[in-house]
């Protein structure tokens, strides 16, 4: 049973978080091991496993990026998470250089702030693109697009995800 | 339904509580005290005192009066070396993987020592309730790692208790706090006790207590404040003596007396502006006012605020988005602690519940939920630390992130590197750092009996499962043959199952024959339930979907268990149970999945009906 099936959802990326939480609470009330403490050992084990599956599914689906990663993994895609965004090659090169300066302790607070703002702007651009491409996926699913078209779209999603995680890693590096 | 008690096994004090007619209450000891000091005194004749009686011996008999044992749970000697100079205990040389205190020539591990306290609480509950108590919920600091939780569970077993659940202290406190108020919103629980600090952020909605994040320090508490004051006194005493007698003197025999005096002064300062540290045998007397005290302890309080900020960040919340702040633990009586917490969250923290009792009351509420008393409340807790495995180059690869709701699981694929390899080693860790050496080693697992194949051919699926107690278990299956692999677990810190069983045997409560008989009865009871569940499974619609091989194995394992039950060998029964459980695992999974699919379908039908 995959994470979408746990929640009775089709494999789409636009998810209503309030509804997801509501279902999560309802299913927790049904299967949580707390309610099986007097049951047989095998029923107890099943309650633990089911609740673990439910929790794993909720943790993954409520998070916009983990959700995309998971969908991709279901179709055999494995974004490598460190792909240099081709469209931003020069800019990223510059950012990396500045980051080295920061790491070496040679940057002023103003320079760090400006770098932070630059990376954030790029990250937000990717977030928007990821969101749009995700919603396009939902349209393809709803309109019953052919498998070839879907595969092609997933490949595009994987590309965007890899590039956006690259930026996200830069952001994390800066904060450390 | 037998009664289930809730136990707060604290660093300084321990309590036992129960819910009766929907109301939780702390059960006092025969002396009328609700708090049982977590102190154990051993005398030469082998007699043991626990609680207030033992506390009185701390100054007089420091070497054989054990206190704050909770700080040693799940630790090795290297973890606590810094504390040892101020502690009067003799540590056995064999303490690398589990600390052993030597008392009158006998080694005691922290779970065995904690078991003395648990037994005392169990006796108190039995005397007050007039029946035997076998089941308990025990609380631990939220930031306890796997080994510390397992050590607490072991302590329960050694004390003759079936520990139905390990609950996090701040979460338990939130249950006690939220029980009669039907609260909604986000609450932060700041739990600063004798030895540990926790912060948990929860979201309350319609009886569901969902922990969003937790952080803390399992080695930060009132004890650290005491240590600062002890060092202050020692410095001054040293100076005085040096001036008058011009010689160094042995300090360690004085520490228990100093500890007692500074603890009193610390407590006095929560109500008064000035207090006195008086150590009569030394002829030492000194006034300390609140502002001096505050400046001494400020760095300690600052260390609690960092995890608070981390927890807020992990919950994606700002301090002003917290609706209520609840204070738990004796150290929150200190005015500066209250002030700093108020400053951080921008609101007055709740202090109306007794900070010493609220955790035990919450544990009793959780016990009541487990007993089936309260179906409308549900606690969804998280794992405080990320779980990972060692990968190439000594790097830790995270597989379950911190603050994941538990139970939680992760599946990883492993394979072999050389032809006909039948063993694969897995190293499991907990922590947030990138390198293995900076994380806490939990255990080494050996995947064994892998069918010999070419390198890279076997696909062994390993499932890591953190249960509702926050404790890890591992199962493995070879994908090509669907065979469950045997796994040998070597916990890095702590006791093996065999050692715990040995300790139960050695504990004063049971004669050897008794325990054998008890183990056989327990195994038979469990066998009975497994057999019944199997009968139900065979009658299920899903059964025909199994392969012939699986059906044959179920039948054989079933027969095998029935035969084993006739013997008086509890290990043979356990092994037969294990075999039948493994044989029926796939069936049980299919039944569960079908039930879930049905539940989901029913739910959607209901929703459509409602429209």
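Brief remarks follow.
- Qualifying residue in the stretch B:100-114 (condition: at pLDDT 95 or above, buried (at least 24 other Cβ atoms within 10 Å of the Cβ), in the same structural domain as residue B:34 (by TED's automatic domain parsing) and under 20 Å from residue B:365 (Cβ atoms)): no
- You will find that of A:127, A:113, the residue that is closer than 17 Å to residue A:67 by Cα and either assigned to a helix (DSSP H, G or I) or within 19 Å of the chain's Cα centre (by Cα) (or both) is A:127 and no other.
- Residues that are under 26 Å from residue A:37 (Cα atoms) and more than 9 Å from chain A (Cβ to nearest Cβ) within the stretch B:378-398 comprise B:381, B:382, B:383, B:384, B:385, B:387, listed in sequence order.
- Some residue of the stretch B:164-181 being under 26 Å from residue A:18 (Cβ atoms), in a strand (DSSP E or B) and away from chain A (no Cβ under 14 Å): no
- Residue-level analysis places residue B:343 outside the set of residues that are at negative phi and within 14 Å of chain A (Cβ to nearest Cβ).
- Residue B:338 being away from chain A (no Cβ under 14 Å) and not in a helix (DSSP H, G or I): no
- Selection of strands (runs of 3 or more DSSP E) fully inside the stretch B:345-456 by the criterion of at least 3 residues being under 30 Å from residue B:480 (Cα atoms) returns B:387-391, B:395-400, B:408-414, B:424-430, B:440-447.
- Flag for residue B:526 being in a helix (DSSP H, G or I), closer than 30 Å to residue B:117 by Cβ and either modelled with pLDDT under 90 or more than 13 Å from chain A (Cβ to nearest Cβ) (or both): yes
- Filtering B:387, B:344 for residues that are modelled with pLDDT of 90 or more, within 30 Å of residue A:58 (Cβ to Cβ) and buried (at least 23 other Cβ atoms within 10 Å of the Cβ) leaves a single hit, B:387.
- Meets criteria (more than 23 Å from the chain's Cα centre (by Cα) and more than 20 Å from residue A:10 (Cβ to Cβ)) for residue A:103: yes
- When the stretch B:493-508 is filtered for residues that are part of a loop (DSSP other than H, G, I, E, B) and either at pLDDT below 75 or exposed (fewer than 13 other Cβ atoms within 10 Å of the Cβ) (or both), the ones remaining, listed by number, are B:496, B:507, B:508.
- Residue identified as surrounded by fewer than 18 Cβ atoms within 10 Å (Cβ to Cβ) and in contact with a strand residue (DSSP E or B) (Cβ under 6 Å, 6 or more places away or on another chain) among B:90, B:60, B:56, B:94: B:90
- Positions within the stretch B:534-555 being free of Cβ contacts under 8 Å to residues at least 12 places away in the same chain and more than 14 Å from chain A (Cβ to nearest Cβ), in sequence order: B:539, B:544, B:547, B:548, B:549, B:551, B:552, B:555
- Residue under evaluation residue B:427, criteria (1) in contact with a helix residue (DSSP H, G or I) (Cβ under 8 Å, 6 or more places away or on another chain); (2) closer than 14 Å to residue B:487 by Cα; (3) at pLDDT below 90, criterion not met: (3)
- Of the residues making up the stretch B:96-108, none is part of a helix (DSSP H, G or I), farther than 19 Å from residue B:139 by Cβ and under 22 Å from the mean Cα position of the chain (by Cα).
- Only helices (runs of 4 or more DSSP H) whose full extent lies in the stretch A:1-74 are considered here, and the ones with at least 3 residues that are within 20 Å of the chain's Cα centre (by Cα), crowded, with 22+ Cβ neighbours inside 10 Å and more than 7 Å from chain B (Cβ to nearest Cβ) are A:41-61.
- Failed condition for residue B:463, given (1) under 22 Å from the mean Cα position of the chain (by Cα); (2) within 14 Å of chain A (Cβ to nearest Cβ): (1)
- Residue check, residue B:476 within 29 Å of residue B:151 (Cβ to Cβ) and within 10 Å of chain A (Cβ to nearest Cβ): no
The values are calculated or read from the model by the stated rules, or taken from the named source; none is laboratory data. Remember, predicted model here, so these are calculated numbers, not experimental data. Neighbour counts are summed over all protein chains in view; Cβ atoms, including those assigned to glycine, are modelled from backbone coordinates with ideal geometry.
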